[in-house]
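**Student:** Here you go, one structure.
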Amino acid sequence: MTSLDGLSKVQLEDGVLRITIATAENGTSLDGEGMEQGARALEAVGDEIGSVLLVGEGPNFCAGGNVHAFASAPVRSEYVAEVARVFHIFVRALDAVTVPVIAGVHGWAAGAGMSLVCLTDVAIGGPGTKMRPAYPSIGFTPDGGMSWTLPRIVGDARAREILISDTVLSGDEAVRLGILSRLVGDDVVQDEALRLARTLAAGPTSSYSGIKKLVRESRSRTLSEQLDAEAASIATAADSPVGLEGVDAFVEKRRADFASVK
């Protein structure tokens, strides 16, 4: 197993790669060390993970960038550019992941925090969860891919309205728009996200990988091209260890043991 020694913001357990993206320090702003370590871990562990879990340690999931650090930087443009560079290395690594990416979104997910939520496959929030682009409030434009992901979730017109108006979204509204997947009690958001991450990590990961690949590549295909890709993908899955176990378990009326065939 790949060693993650020295990486304090990442943890690999039960097939779940847990990445701390913000801490209580600096108002739960985006953690640059978490971004660097997360990107390194995603590259290092490779096939050893079954899911990725993004967590914030503190009162919020992530309240955005550290604005006080922006203000005190000798050359603000250079400082912000470096923050974005490190953040985007992590975003690219997260986007390339073939396993499910889950987030437990408690409190605020603002700015970079909202960008990360938009990158996940499943985001679980609570009644107290709030989301906000936050960039216009300090005269900035989005980073972390929000100008690309949000329109694909809610549509171009609604994305422009949310971004330009700097709309505060409640947990209920974020679920309705498809940014959050579902709500649970505020006190169990993290527990439920971890439970789901563990469940998916023990599931048919090659199936999840195929699903994510099909969805990602559908962005540049016609329906006819996508149908061809689906036919090729499902045929490959049928002869894969995971596919064989899944079908055999169904016929034999037993629970599939996908962990044994990975």
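**Student:** How much area per residue is accessible in the chain when the probe is 1.4 Å and only protein heavy atoms are counted (Å²)?
**Tutor:** On the way: 13330 Å² over 262 residues.
Ligands and nucleic acids excluded, the figure is 51 Å² per residue.
**Student:** Then there's this: Once you charge only the Cβ atoms, +1 for Lys and Arg and -1 for Asp and Glu, what is the size of the charge dipole of the range 53-183 about its Cα centre, to the nearest 20 debye?
**Tutor:** Details: 10 positive and 11 negative charges, 25 e Å.
Roughly 120 debye, rounded to the nearest 20.
**Student:** Shifting gears a bit: Rounded to the nearest 10 Å², what accessible area does residue 156 have for a 1.4 Å probe in the complete protein model?
**Tutor:** Answer for residue 156: close to 100 Å² accessible.
**Student:** Quick one: angle between helix 76-95 and the longest Cα principal axis of the chain, in degrees between 0 and 90, rounded to 10, please.
**Tutor:** 10
**Student:** Taking a 1.4 Å probe, which of 148, 108 shows the most accessible area, and what order do the others take after it?
**Tutor:** Values: 148 110, 108 85 Å².
Most to least solvent-accessible, the answer reads 148, 108.
**Student:** In degrees, nearest 10, range 0 to 90: what is the angle between the Cα axis of helix 223-238 and the longest Cα principal axis of the chain?
**Tutor:** Helix 223-238 sits roughly 60 degrees off the main axis of the chain.
**Student:** How big is Rg to Rh over the range 124-238, alpha-carbon atoms, Rh as the Kirkwood inverse-mean-distance radius?
**Tutor:** Details: Rg = 17.6 Å, Rh = 16.8 Å.
Ratio value, two decimals: 1.05.
**Student:** With both bridge residues required to lie in the chain, what share of the DSSP beta bridges run antiparallel, to the nearest 5%?
**Tutor:** Working: 7 of 27 bridges.
Roughly 25 percent of the beta bridges in the chain run antiparallel, per DSSP.
**Student:** Roll a 1.4 angstrom probe over the protein heavy atoms and tell me the percent of accessible area of the chain that is carbon or sulfur. Can you show the working numbers first?
**Tutor:** Working: 7270 of 13330 Å².
Answer for the chain is 55 percent, counting heavy atoms of protein chains only.
**Student:** If you don't mind, there's one more thing I want to ask. With every protein chain in place, what's the accessible area of residue 258 (1.4 Å probe, Å², nearest 10)?
**Tutor:** Its accessible surface works out to 40 Å², give or take rounding.
**Student:** Which values, in whole Å and largest first, are the semi-axes of the equivalent ellipsoid of the range 205-260 obtained as the square root of 5 times each eigenvalue of the Cα gyration tensor?
**Tutor:** Values: eigenvalues 137, 25, 12 Å².
So the equivalent ellipsoid measures 26, 11, 8 Å along its semi-axes.
**Student:** Further question on the same structure: Could you sort 68, 88 by accessible area so the largest value comes first, with the probe set to 1.4 Å?
**Tutor:** Numbers: 68 155, 88 55 Å².
From most accessible down to least: 68, 88.
**Student:** Same structure, new question: Is the range 31-154 best put as rounded, prolate or oblate by its Cα gyration tensor, with a ≥ b ≥ c the root eigenvalues, rounded for a/c under 1.5, and otherwise prolate when a/b is larger than b/c, oblate when not?
**Tutor:** Working: a/c = 1.69, a/b = 1.25, b/c = 1.36.
It is oblate, given that a/c is not under 1.5 and a/b is not larger than b/c.
**Student:** Next question. Leaving ligands and nucleic acids out of the surface, order 130, 253 by accessible area at 1.4 Å, largest first. Let's see the in-between values first.
**Tutor:** Values: 130 85, 253 185 Å².
Greatest to least solvent exposure: 253, 130.
**Student:** Show which aspartates and glutamates lie in cross-link reach of residue 262 when reach means a straight Cα distance below 15 angstrom and same-chain residues fewer than eight apart are skipped.
**Tutor:** Answer for residue 262, where 15 Å is the Cα cut-off: 14, 47, 48, 239, 245, listed by chain and number.
**Student:** If the reach is capped at under 12 angstrom between alpha carbons, list the aspartates and glutamates near residue 9, excluding any in the same chain fewer than eight residues apart.
**Tutor:** Residue 9 reaches 31, 33, 36, 57.
**Student:** Can I ask one more? Sticking to Cα atoms, compute the Rg of the chain to one decimal and its Dmax as the biggest Cα-Cα distance, whole number, in Å.
**Tutor:** That works out to 19.2, 67 Å for Rg and Dmax.
The values are calculated or read from the model by the stated rules, or taken from the named source; none is laboratory data. Everything numeric in this text was worked out from a predicted model, so none of it was measured. Here the Cβ is made from the backbone with ideal geometry for all residues, glycine too, and neighbour counts use every protein chain on show. Note: accessible area is taken over every heavy atom of the protein model, side chains too, but ligands, DNA and RNA are not part of it. Shrake-Rupley method; radii C 1.70, N 1.55, O 1.52, S 1.80 Å.
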